[in-house]
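The values are calculated or read from the model by the stated rules, or taken from the named source; none is laboratory data. Just so we're clear, the structure is a prediction, and the values are computed from it rather than from any experiment. Here the Cβ positions follow ideal geometry from the backbone for every residue, glycine too, while neighbour counts run over all protein chains shown. To get the accessible areas, we keep the full protein, side chains included, count just its heavy atoms, and leave off ligands, DNA and RNA. Shrake-Rupley method; radii C 1.70, N 1.55, O 1.52, S 1.80 Å.
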Amino acid sequence: MAAKSLADRVEAEAARAHVPVSVSIVDIHGNIVLQHRMNDAPAFSMEISERKAYTSALVGRRTAELDPLVQPGQPLYALLAMAGGRFTAMAGGVPLKHEGRVFAGVGVSGGTTDQDVAIVDAAVELNNVG
């Protein structure tokens, strides 16, 4: 899977939904591989998409799954305070896997969390990863 191909899929899905977004793809270590902001996507969406990608790659879970786990008294409560605030539980981040092993993460931001999830899910499914 090439990062550019996945970003193109995200942009195509976002265009179909009429939701301008930003997409970030990071490697397993959280290093940026690709970032793209569509015209008219909110300015803050680039940073949020990066945090979603970072979190999903390093934690190995979809960010949508994290919200209940980061509440007080839950197992990942301290996660959001770690790494200078780079982790997020906002939905729209997906770990990318090959043969069951995480190798990267992708994050989408710009719409509602439901829109971000629908866009990233469709793009990842079309790319046959995740």
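A few notes on this one:
- Taking all protein chains together, I28, I48, I119 sort by accessible area into I28, I48, I119, largest first [probe 1.4 Å].
- Sequence ranges 49-55, 39-45, ranked by mean other-Cβ count within 10 angstrom, highest first: 49-55, 39-45
- Averaging the sequence gap over all C-alpha pairs within less than 8 Å and six or more residues apart, then dividing by the number of residues, gives the range 1-114 a relative contact order of 31 percent.
- Taking each residue as 0.36 nm, the span from H29 to F44 lengthens on full extension beyond its C-alpha to C-alpha distance by 3.1 nm.
- At a probe radius of 1.4 angstrom, the accessible area of the chain per residue rounds to 51 square angstrom.
- Largest-first principal axis extents of the Cα set of the chain (Å): 40, 33, 22
- Just the protein heavy atoms count here, and of the accessible area of the range 24-100 at 1.4 Å, carbon and sulfur take up 53 percent.
- Label reach from A78 (point 7 Å along Cα→C-beta): in the range 30-70, amide nitrogens under 20 Å belong to 55-56, 58-61, 66-70.
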